[in-house]
Amino acid sequence: MQSQDGRTLLVVGPQAQEAAARQRTLNLVYGGVAALTVIALLFYALSGSGPAEAETERPEVATREEGGREQLEGNLDKIAQLIDEGKLPQAERKLESAEEEFARDPKLSDRADELRSRLEVMKALASARKHERDGDRISAVKGYRDVLALDAGNEEAKQRIKGLYPNLNPDMGFAIITIRSAPVTAEVTLDGGPLGSTPIDVPLHAGKYNISLTAPGYGSMQTALSVSAAKDQPYDYLLTRTGAPANPQPPVEQPKTPTGGGTKRPPGGGTKNRPTGRSSRSPTPRRKTICCRSVRAKSVSL
């Protein structure tokens, strides 16, 4: 079709117009996808950490964590070695210094707790051994009893208890009983067997016992005592002197000497005490006697 100004016009039907609209829509979609792709590429390029780089960082972090765990396990191995060698103060210091690091890992924390229990047992054993070397049997057997309270199956503690007191069974509870007497030392027998002189400490299993205390000049005392396991207790006994009255009478008060003067001359002679406060002048009768003697002397001369 020819227009008035000489241009050629193309007349398009409805179907052709719809096809053109669809084409324009597709062009817009393709353009948007291309724009998003370009933006994504720019983002990764600017950040410098793409997916491949993120994957390479994860093994590095895991490697660092694994290295720290291996170091802590090595510390625990060193602590165990120190305990076995008897270097208990060093082992205790290393445990305390890494306590927080061990607590972050459940497995390491459990092993640290086990080593701490072993350390307490070894410290109690070392203390008991020292008492035994010093000859303090009672303190030693108490120490080995403490070891068994921490570790019921500790064979060393059981054997040493048997060595100190052959009559004791380490698998049964026992207590330390202290027997004292007053006012003197006494000999003690337990169920008919001699124990020694008071004061005396003896380990006994739980149960009831008959004891006797004797001392020269004092009456014998027989009594029973009940012992509870692991309950240390002292027993004090007062002895009575032989022949002493059960209820002694109070002493009779003596009459007091009167005050304020001398004592009277007893009948039949004696001198009379000079009263206090008298003058030191010669008595008058002596002067009279002298006068008489002088008169007699004059009469004789005549």
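Derivation of every value follows stated rules applied to the coordinates shown; laboratory data play no part. Keep in mind that this is a model prediction, so the values were computed, not measured. No Cβ is skipped: glycine too gets one built from the backbone with ideal geometry, and neighbour counts run over all protein chains shown.
Observations on the structure shown:
- Net charge, VAL184 excluded, C-beta distance under 14 Å - Lys, Arg +1, Asp, Glu -1: 0
- Net charge contributed by nearby residues that have their C-beta within less than 11 Å of SER212 (K/R +1, D/E -1): -2
- Highest to lowest packing among 228-240, 141-153, scored as the average C-beta count within 10 Å: 141-153, 228-240
- Two-site FRET efficiency, ASP191 against GLU114, from Cβ-Cβ distance with R₀ of 35 Å, rounded to 0.05: 0.20
- Here region 96-203 is described by how far its Cα atoms reach on the three principal axes: 63, 26, 21 Å, from widest to narrowest.
- Of the cross-linked pairs LYS107/LYS142; LYS123/LYS231; LYS87/LYS158; LYS162/LYS231; LYS78/LYS123; LYS107/LYS231, those separated by over 28 Å at the C-alpha level are LYS107/LYS142; LYS107/LYS231.
- FRET efficiency, GLU85 to ASP171 (Cβ-Cβ, R0 41 Å, nearest 0.05): 0.85
- Residue order, fewest to most surrounding Cβ atoms within 10 angstrom, among GLU73, GLU132, GLU100: GLU100, GLU73, GLU132
- Given charges at Cβ of Lys, Arg, Asp, Glu: region 175-242 dipole, positive-most of PRO183, PRO203, GLN233: PRO183
- Length released on extending from ALA126 to ASN27, taking residue separation times 0.36 nm less the Cα-Cα span: 26.7 nm
- Note on SER220 and TYR235: the model spin-label points, each 7 Å out from Cα along the C-beta direction, lie 1.7 nm apart.
- Each label point was placed 7 Å from the Cα along the Cα-to-Cβ direction; for THR37 and ALA103 their separation is 5.6 nm.
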